[in-house]
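Worksheet: the structure to be examined is printed underneath.
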Amino acid sequence: MKRKLISLFIIAAILIPLGVVQGAETIKIGALYTMTGRGGQYGKDSEVAIKIALDEVNAKGLPGGAKLDVIITDDKNPQYAVSVAKRYITDEKCKFLFGIISTAIGLAVTEVSKEYKIVFVGTDHAGTDLTANKFQKYYFRSANNTFQSMMAGAYYLKDDVKGWKKIAYIGPDYAYGRDQWMELKWGLDKLGVKYEVVGEYWPKLYEPDYTSYITAIMKAAPDILVNGMWGGDTVAFIKQAKPYGLFSKMKYFHVDAGGNYEALAALGADMPAGLIMSARHHNNWPETAANKTYVQKFYKAAGRYPSYAAEGAYVGVHMIAEAIRKVGNANDSDALVKAMEGMKIQCPEDPQGFTSYIDPKTHQIVQIQAIGTTVKNDKFPPAKYMLGNFKTYPAEKLWPNFEYIEYMTKIKGK
């Protein structure tokens, strides 16, 4: 299979080693990312962040002088991703599986991880299933799941949005989209919020035309519209909804992926003000030295600011490196699992005084969540709006929630 050395550009299905050093033992990580289409920016940003993390890890050193190397392949679809994951293990002798943007692909690849007993660090896909009803011991996640986002969202709707009753939801018709809606309703119910659902809309992932959904939402006239899309779908929906005046008719609420920098940059001055959003990383929050350093390193390497997907990849590489240091090698998957359970890992998004950690029972990273609104801010061009007016939610109030895991398992099965 064709190979080439470090590159910031990936052609679909070409494997790229990121960090090969001659004369040293190389521990391989097999990564899968969406590199083309509406989700392609997430993969490209993840690649840049991986390279930054590899430089940091290899400069610090690993036991026995080993070096980390990451191979990346465009994941394409679940079936193709499974075949690549198996090839990574059997042919490439990778010690870890890594990455993945789409929950649908993550759910497929976690089965490979389970079968081969290889640690799989999910860095971007957020469907709660993987750390709940579909949990298996070799899976870990380095970014928040949708339950953490939506539970924070339930607190926000309870405490910070006044006078609303009617709510509607639109999201992609697969686990990621459906989980968010189930989780938000569960959270609102637990908090005693009374509401009326006036519409549920399920476009396919990468839907090209949202006109029929937009007109149906306008007719339903909710007080709150919750959106569960991500990436280019978010951009397309906002662009198509704005001429209809949707954002002046209802509160727009999009707290898992809506506030991603990719969307803010793509929309520029067309981003409406006052939208309630969040993301798994913010370039302008928290205003800590660690976050500023990470953002500037990325900008220096790529010539652009990072989307949230980059942080999950960056943190995931450091998680693996720290586990190898604790175990002393990368050959014992069960020992690596033990090393990662409960691991504390300082992330760019951690506010002063808090350190993210891996919940030992679910292998989900536990983090503070911040929700804001779109405000004018041109300090991170080409974005003209960023999130501001942040409200924060303590990590321990959001995850783990074993009552919800039991509920989810009962509804969806294992």
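Where a number appears in this text, it was derived from the coordinates with a stated rule and is not lab data. No experiment lies behind these values; they were computed from the predicted model shown. Every residue, glycine as well, gets a Cβ built from its backbone with ideal geometry; the counts of neighbours run over all protein chains shown.
What the table below lists for this structure:
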{"quantity": "Proxy reagent accessibility, fewest Cβ within 10 Å first, across 87, 280, 304", "calculated": "87, 304, 280"}
{"quantity": "Between helix 308-327 and the chain: long-axis angle, C-alpha atoms, 0 to 90°, nearest 10", "calculated": "40"}
{"quantity": "Peptides 181-187, 405-411 ordered by average Cβ neighbours within 10 Å, highest first", "calculated": "181-187, 405-411"}
{"quantity": "Spatially proximal aspartates and glutamates relative to residue 249 (Cα-Cα < 13 Å; intrachain offsets below 8 disregarded)", "calculated": "223"}
{"quantity": "With Cα atoms, 0 to 90° folded angle of helix 289-302 axis to the chain main axis", "calculated": "80"}
{"quantity": "Residue 200-residue 412 FRET efficiency (beta carbon distance; Förster radius 25 Å; 0.05 resolution)", "calculated": "0.90"}
{"quantity": "Karplus 3J(HN,Hα) series, Hz, for segment 351-360 with 6.51 cos²θ - 1.76 cosθ + 1.60 (x for Gly, Pro)", "calculated": "x, 3, x, 10, 10, 4, 8, 8, 4, x"}
{"quantity": "For Cα Rg over 2.2 N^0.38 Å, calculated from these coordinates, the label among (1) 1.11; (2) 1.00; (3) 0.94", "calculated": "(3)"}
{"quantity": "Angle in degrees between helix 146-160 and the longest Cα principal axis of the chain, rounded to the nearest 10", "calculated": "30"}
